[in-house]
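Here is the structure we will look at, set down as structure tokens.
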Amino acid sequence: MKSKSPFDDEALHLQLLVQKKHGWDLENDIPWDLGIKTDAFLAPLDEDALVFPGASAEQRIVISQLLGLMVNQTISEMESSMPKLKLLAWENKLKAYPVNPEMFELGELFYEEERKHALSFIRYQELFCKTNNIEPHELNQLLPCALNSNFMKAITWNAEQGGASFWWLVAAVEEVSVQIFKSVNKCRKEVDPLYYHLHQKHAEEEIRHENYAFLMLEVDHAQRKNLKQNLINKTDLLLAESAATPWVLTELTKIYRARDLKHKSPFFEILASCIPLMENMDKRRLIKNLYKDSPYVSWLVNPNMKTKHHEMQKKTGALSWVSA
Amino acid sequence: MIGLEAGKEHPDLIIFIHGFPDMASVWKEYVDELALTYHVIAPQIPLKQVNYLSFQNKILKWIAAKKPRKVFIVGHDLGAVWASSLADLLKKDLTGLILINGMGIREFQNRLKNPEQLLRSWYMFLFQTPLVPELLIKTFPEKLLTIPHLLKQSSFLAHKDGLKTFWQYRVLLKEMLKSIDHRPSIEARTLILWASRDAFLLIPKREEFEEHYKNFQIRIIEGDHWFHLAQTEKVFGLMKKFFGDPA
């Protein structure tokens, strides 16, 4: 039973027990010894192979692998950033509105689980590099990085002002993580088994604790505020959306760096050969595809895709690009 | 002094102190329920002004005479001020303290630096004026009692005699001025229960209690200033867990 209210201490306590009982262990509950199948898909693709229409079977696999690694890295980057904002966005908020000890305990567990998720995705990336004879620092050139980005600076600034953009962002990542697993699950047979298991375990815990970000938004909404804080809170969601969307799109452009790396490994070579497919695409269609029809990317950049946000947005009166 | 008393045969004592403008009878449901396991009393705050220290000493002497195995004190609203002061004096002789929508003098003193709290406590200053409160209480007792209703703070209507305990606000202000340098130290486990929609008191921050309370827990419960009368089952549950906790 997941609590819908931070005031419902009994439901929070039950949730805590359930999360503790079913929590998985990074070493023992993920079959790392399966290794990675180099010819398997990671993130299942749509007909257009995201934005690479007409890609060959070989190209589709590499695009899927890069996309799968990007998904891992994005989740890992978001989850790694959480402890950095723990004091500002979580502890200070709960000290100012100490709703109950269960919210504190659930929060500690939430952070612990997120840390574990980030570590598990990092470990997968390392294993992928090892299996494909890729240098991790070379692969990282193509993958998203949140550290020191303007996006993270904006979210940190907002948290320093007492805002809740961070929790809107976490709520979005939680929701998208579950959607990702549903998509992976549909094509289970074609997907690398280790990638499948990793996302299955990840989704299990995400589903169990996905309400925590919303509970924190509820706590934030219930707090007494002055005019400045009210104004900041009104625009929290807008800021989270405005900062995340350009970040995701900018990070996607890193794919062009594959051209510089094409001599380093067959993975980069095939990837570099895909770039003309995207360049030949009509720019309007490219933008439409990324915003509306691409799996993973659209889920992150398009606020309309995050259905659970809308209810909370209505409740808190937060401004969003959807309502703006 | 004793308003309600039950469960005399039990060795562990619980004292319920009512707030303003309540009477001791407000705790009846709690006394009846807990008297199955505890010796429970609810002192009546005198209707005529008494000396702060002498009333406090009266309770302390009463506790000492009973020689209870464990002592718990529960205070609501202004009753929490008394409860907190008693806890400071009882030190290790007190097993547990529950503050319901109320706090100690020192914490309240710090709160009054907040303009929003000052506005919410407007009536406290009205009660400082000579004769005016007496006149108002004598002339419009029913109207004054309905103020919490108008503020949508309670479906419970206090007894008009409860208004006569307004003198506590005068004493409280004097005590606040006297105890500016006093640093209370509450050693007993403390449970702070607070309503999410209290029109009279702002939601407490942890830092407000950290200096004076060694071991405390805050729980915010959806409801108004008298939520403990509207949600007795919920509060019973929390209290029983607190009283029964050996920690």
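Every number here is computed from the coordinates shown, using simple stated rules; none is lab data. Only a predicted model underlies this, so the values are computations on that prediction, with no experimental measurement involved. Glycine gets a Cβ as well: all are built from the backbone with ideal geometry, and neighbour counts include every protein chain shown.
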Rounded to whole Hz, the Karplus (6.51, -1.76, 1.60) HN-Hα couplings of the stretch A:30-39, x for glycine and proline
10, x, 4, 5, 5, x, 10, 7, 5, 9
Just in the stretch A:128-233: which trypsin sites (Lys or Arg not before Pro) are loop by DSSP and have at most 15 other Cβ atoms within 10 Å?
A:R224, A:K225
Specify the inter-centroid distance of the stretch B:92-139 and the stretch B:24-41, based on alpha-carbon positions, in whole Å.
25 Å
Burial ranking of peptide ranges B:215-223, B:106-114 (average Cβ count within 10 Å, highest at the top)
B:215-223, B:106-114
Rg/Rh of the stretch B:96-182 (Cα atoms, Kirkwood Rh), to two decimals, equals 0.98
Listed by chain and number, the residues whose amide H is under 5 Å from that of A:K37, excluding neighbours fewer than 5 places away on the same chain and using placed H, are A:L194
Most mobile listed residue (B:K92, B:K164, B:K61) in chain B, GNM with C-alpha springs under 10 Å
B:K61
Pick out which of A:S265, A:S165, A:S183 has the largest mean-square fluctuation in a Gaussian network model of chain A, springs linking Cα atoms closer than 10 Å.
A:S265
Give me D for chain B in µm² s⁻¹, whole number, from Stokes-Einstein with Rh from the Kirkwood sum over alpha-carbon pairs, 25 °C and 0.890 mPa s.
135 µm²/s
Residue-averaged [θ]222 nm for chain B, counting only DSSP H segments that reach four residues, each worth -39500 (n - 2.57):
-11500 deg cm²/dmol
Exposure proxy ranking, count of Cβ atoms within 10 Å, fewest first, for B:T165, A:T235:
A:T235, B:T165
Inter-label distance, nm, simple model (7 Å from Cα along the C-beta direction), A:L286/A:N132:
2.2 nm
Rounded to the nearest 0.05, what FRET efficiency do B:K67 and A:K186 have when you use their Cβ-Cβ distance and R0 = 45 Å?
0.05
Starting at the first residue of the stretch B:213-220, write each ³J(HN,Hα) from the Karplus equation 6.51 cos²θ - 1.76 cosθ + 1.60 with θ = phi - 60°, in whole Hz, x for Gly and Pro.
10, 6, 9, 9, 9, 10, 10, 9
How would you rank B:L99, B:L202, B:L157, A:L198, going from fewest to most other Cβ atoms within 10 Å of each one's own Cβ?
B:L157, B:L202, A:L198, B:L99
Could you size up the charge dipole of the stretch B:1-109 around its Cα centre, putting +1 on the beta carbon of Lys and Arg and -1 on that of Asp and Glu, and report it in debye to the nearest 20?
520 debye
Counting only other chains, and only Cβ atoms inside 10 Å, what mean value do you get across the residues of B:203-209?
4
How big is the shadow of the Cα convex hull of the stretch A:142-259, averaged over all directions, in nm²?
8.9 nm²
Counting only backbone N atoms under 20 Å from a point 7 Å out along Cα-to-Cβ of A:S56, the residues of the stretch A:263-282 in range are A:263-281
According to the Cα gyration tensor, what semi-axes, each the square root of 5 times an eigenvalue, does the equivalent ellipsoid of the stretch A:1-40 have, listed from largest to smallest in whole Å?
36, 12, 5
Only bridges with both residues in the protein assembly as shown count here: give the DSSP antiparallel percent, nearest 5.
15 percent
Roughly how many nanometres apart are two label points built 7 Å out from the Cα toward the Cβ at B:L202 and A:N140?
4.5 nm
The long-range amide H neighbours of B:F16, using H built 1.01 Å from N in the peptide plane and a cut-off of under 5 Å, are B:I41, B:A42, B:V74
Per-residue [θ]222 nm for chain A (sum of -39500 (n - 2.57) over DSSP H runs n ≥ 4, rounded to 500):
-20500 deg cm²/dmol
Starting at the first residue of the stretch A:246-256, write each ³J(HN,Hα) from the Karplus equation 6.51 cos²θ - 1.76 cosθ + 1.60 with θ = phi - 60°, in whole Hz, x for Gly and Pro.
x, 4, 4, 5, 5, 5, 5, 5, 4, 4, 4
Gaussian network model of chain A, Cα within-10 Å springs - most flexible of A:G107, A:G68, A:G35:
A:G35
Once you have the Cα-Cα distance between A:H310 and A:K153, take 0.36 nm times their residue separation minus that, and quote the gain in nm to one decimal.
54.0 nm
Using 7 Å Cα-to-Cβ label points, what is the B:V50/B:E9 separation (nm, one decimal)?
3.0 nm
What translational diffusion coefficient, to the nearest whole µm²/s, does chain A have by Stokes-Einstein, given a Kirkwood radius computed over alpha-carbon pairs, a temperature of 20 °C and 1.002 mPa s viscosity?
105 µm²/s
Mind listing the Cα extents of the protein assembly as shown along all three principal axes, in Å, largest one first?
92, 46, 39
